[in-house]
Amino acid sequence: MKFTFTDKKVNLPGKVHAYAEKKVGKLDRYFKTEADASITFSVEKDRNVCEVTVRAGSMIFRASESTSDMFASIDASVATLERQIRKNKTRLAKRLREDAFERTVEEISSFVPDPEEEEFRIVRSKRFPLKPMTVDEAILQMNLLEHTFFAFRNEENEGTFAVVYRRRDGGYGLIEDAD
């Protein structure tokens with residue numbers, strides 16, 4: 001596994017990076033190809049934040065955890081990623097290593113059963129024409145409808161499919177088709 005470390009607004013000793021590399025490296029057993037792990041450390045409001053992003057082939061796994069201790073944040077992030085992988089193991093089985101879910105001695109001692117995998121259930125479906133409009137018009141339309149996102153055809157970019165969305169920080173985001 002290849003590692004990239006980023007420290008935002010914090011200076012961490014090498015032992016934190018080594019600890020993160022050891023813990024996140026254990027996830028390598030799930031992937032057929034070599035995975036890339038990007039680990040970002042930051043401190044926000046006296047909380048230690050660890051965000052781990054693992055890219056393996058076409059799959060991206062991301063977890064962000066915040067605790068009072070950076071080591072605990074690393075542990076929590078790795079646990080979250082492992083939970084995501086285990087929860088979706090049958091859907092991911094074709095993309096992960098065949099022996100990825102065989103139990104090790106360490107895991108056998110745990111009496112916690114694997115959680116049941118839930119099916120994706122579409123409870124509502126809508127169809128509507130996507131109208132060509134500018135990004136500003138799409139944001140205005142989204143706000144008028146009091147939605148958190150809005151799909152449209154971006155007339156500023158040759159009518160390609162795009163989505164505007166409201167970010168947690170109060171700003172707006174734009175997702176566009178790359179083709």
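The values are calculated or read from the model by the stated rules, or taken from the named source; none is laboratory data. Keep in mind that what you see is a predicted model, and the values were worked out from it rather than measured. Cβ coordinates were reconstructed from backbone atoms using ideal geometry, including for glycine residues, and neighbour counts include every protein chain displayed. Each accessible area value is taken on the protein alone, full model and side chains, heavy atoms only, with ligands, DNA and RNA left out. Shrake-Rupley method; radii C 1.70, N 1.55, O 1.52, S 1.80 Å.
Can you pull the percent of region 1-72's accessible area that's carbon plus sulfur, 1.4 Å probe, other chains left in place? Its accessible area is 47 percent carbon and sulfur atoms.
Zone of V10 (label point 7 Å along Cα→Cβ, backbone N under 13 Å): which residues in region 46-67? Under cut-off, by backbone N: 46-52, 64-67. A 1.4 Å probe, protein heavy atoms only, puts the accessible area of T53 near 10 Å².
Quick one: net charge of T80's neighbours, Cβ under 14 Å, K/R +1, D/E -1? Residues near T80 contribute +2 overall.
Placing +1 on the Cβ of every Lys and Arg and -1 on the Cβ of every Asp and Glu, with nothing else charged, gives region 28-85 a dipole about its Cα centre of roughly 220 debye. Remark: for residue pairs K2/K45; K2/K87; K32/K87, the C-alpha separation exceeds 28 Å in K2/K45. Protein heavy-atom accessible surface, 1.4 Å probe, per residue over region 1-55: 58 Å².
Rolling a 1.4 Å probe over the protein chains gives S68 an accessible area of about 90 Å².
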